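Here is the structure we will look at.
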Amino acid sequence: MYINPNQYAKTFQDIKRSSLSHSTCKLVIFVSCLDVDALCAAKILSLLLRKELIQYQLIPTTGYSDLKSHYDKLDNEVTNIILIGCGAMLDLEGFFDVNPEEFLGHNSTTNGHTIDNANEAEIELDVVKTDNFALTRKIYVVDGHRPWNLDNLFGSAMVVCLDNGYVDGNLNNEKESYNVLVEMSDSEDEDEDEDEDEERNGNNNGDDQDGDKTDVDDENDEPRASTSRRGVKSIHEDKIQTYYNQSSTITSSCSITVYALVSAIGETNVDNLWLGIVGASGFDCSIFVDEVRRFSNDSGIHMERGTYLPLLRHSSLYDALLYNWIDGDKRIHKILAKMGVPIVAAKQQWQYLDPPIKNKLPGLLKKYLPELPQVEIFYRCGVTSMDVFVSLTALLETGVGLNSNNNNNNGVDHGDLEDENEIIRREIKSRESSYIRNFWSAFDSVSSFGIANNIGLEKGITAAKLVQKELFQTIKYIIEQKLIKNLKVYRLCILKDESSHSGFDNPVLLIKLSNRIMDYLKQQTSKPLVVAAELSNTYFVLGIGINNAFSKISGAQMKKDFFEVSLVEIKKEDLAPFLEQLTFNL
């Protein structure tokens, strides 16, 4: 089932009522550990739960198998599960292998029906869908990945998807087709049962000559009805398949959804607002403009509309311009000359740049760089929300925050005789452990204070500048070495594990690199892009603009476990056959 913002308040009260306990933890939150938006949403929710004195457990997860493993270990006492940054595209009842009938409350009453035993309540499931108190466990989904899994939206009483109104506004046709197919499936099951009953009755009864003519007429009508039924079914199946075949995207912010929930129950404050703005920095933040004005100047949050250059306030104008373009070093001198900014001044750190240049800069950027979008820029304590977002992203990428150890190898020598698959499993486990450490480093660093008061975010800014430089140098290297191959249906870039261009063993960093390359290629072609980054024994393979082609590939040994559906990990020897199959599936 799904709920709209006007139902958020009631939903939270249901969660609160069923989660309050003095002895056990009944609420578990699973959060995608490689997503800053999900991290900020989890932080907002955790602050709210602490204020409401609700016990909870927050578990960062690296992918679907990790999520399933943690779910299987949950106590039966757990009544509420919240997924943040994952789950929208999966049939969660099937994925978790749960039967809602097993979670029907004893002695629960639904619309006048009394359920005394969950094992005797099969007929009550349709009733349960309209009652929010009958099930002893609920799974709530806060996730911007699309397309939605329609079983979660329209076919489950146990799964509750927090929607922003998109479903009612855009998925009415899919909802109708889904319901028709469910009714037809139920009808087919009933027909099969009736046929079995008639067959048994026919064997028990003798010949009935009076009924022979009627039976023949019925048999003549059956093929026509069956053909018509198949046609209707095919139409609705095609409509559902068309919906699922669309490109997977992230269309909404988890932070905005959780902030809307907090707002619905009247618990908004400046800290929650700032976290919401930071988490939604990769999305349209105009929704927060009225919120900032509502809090007036007491919030310490200020905003302006202008051109955003990443990390400008923590580096120099020259570097901010240089790293914003792949061919930045070729055009930067011309841009600065048009602006009337001396090269020497542009290379000064922001805090030492002449005030007159600082004051004129927003207008100069808008005039001479019209291709850069104008966005809402939010400040707090002299720091922009987007720079905080970039800092947190760097912490997830590198793990250089508080008390973190970025040694993924752990000094383990696996030996030559160890099975290759076992070596790969060890490497994956070690890598995923580093993702979890990075998450907690970033989570502990999230603060409403400025960079000067937050050591973790200061380290994140430093790491972000290093990542920015590495990305720029890597992309220049890719272009100079002509590593982007123009194939028939897509473009391919294979990054070998070279000492000067390694380190893309983190999906966040690889996605960022691929998006930058895609932005560069859009000037030349609209073909999809596939980037393969070599690791020790495997490749990370990421597709941009490939729809769901990866899901159609079989045969190659690959790990389809990431919440980013266009990212897989495959063994080195399987890369060539994988790419060959991809060609036929695009």
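Throughout, read-outs are computed from the coordinates displayed, never taken from laboratory work. Remember, predicted model here, so these are calculated numbers, not experimental data. Counting neighbours? That spans all protein chains shown, and the Cβs are built from the backbone with ideal geometry, glycine included.
Extending each Cα 7 Å along its Cβ direction at Gln473 and Ile235, get the distance between those two points in nm, one decimal.
6.2
Based on the Cβ-Cβ distance from Phe95 to Gln374, what FRET efficiency comes out when R0 is 30 Å, to the nearest 0.05?
E between Phe95 and Gln374, to the nearest 0.05, is 0.10.
Applying 1/(1 + (r/R0)^6) with R0 = 25 Å to the Cβ-Cβ distance of Leu47 and Ser433, what FRET efficiency is obtained, to the nearest 0.05?
Working: r = 27 Å, r/R0 = 1.07.
Calculated value: 0.40.
Among the listed pairs Lys338/Lys366; Lys338/Lys512; Lys358/Lys459; Lys338/Lys358; Lys358/Lys522; Lys26/Lys73, which are separated by more than 22 Å between their Cα atoms?
Values: Lys338/Lys366 12 Å; Lys338/Lys512 30 Å; Lys358/Lys459 25 Å; Lys338/Lys358 16 Å; Lys358/Lys522 32 Å; Lys26/Lys73 13 Å.
Too far apart for the 22 Å limit: Lys338/Lys512; Lys358/Lys459; Lys358/Lys522.
Please check which bits of region 132-161 a label hung off Leu74 would reach, taking the label as a point 7 Å along Cα-to-C-beta and the cut-off as backbone N under 15 Å.
Only 135-142, 157-161 pass the distance filter.
Under a point spin-label approximation (7 Å from Cα along Cα-to-Cβ), what is the Phe295-Lys367 distance to one decimal in nm?
Those two pseudo-labels are separated by 3.4 nm.
Based on the Cβ-Cβ distance from Gln351 to Glu176, what FRET efficiency comes out when R0 is 45 Å, to the nearest 0.05?
Plugging the Cβ-Cβ distance into 1/(1 + (r/R0)^6) gives 0.15.
Residue separation times 0.36 nm, minus the C-alpha to C-alpha distance between Lys572 and His22: what's the value?
192.8 nm
Using 0.36 nm per residue of separation minus the Cα-Cα distance, give me the extension gain between Gln55 and Glu422 in nm, one decimal.
The span from Gln55 to Glu422 would gain 128.3 nm if fully extended.
Please state the shape class of region 327-367: rounded when a/c is under 1.5, otherwise prolate if a/b exceeds b/c and oblate if not, all from the C-alpha gyration tensor.
oblate
Run the quick spin-label model on Thr242 and Asn486: label points 7 Å from Cα toward the beta carbon, then report their separation in nm to one decimal.
Going by the 7 Å Cα→Cβ label model, 3.4 nm.
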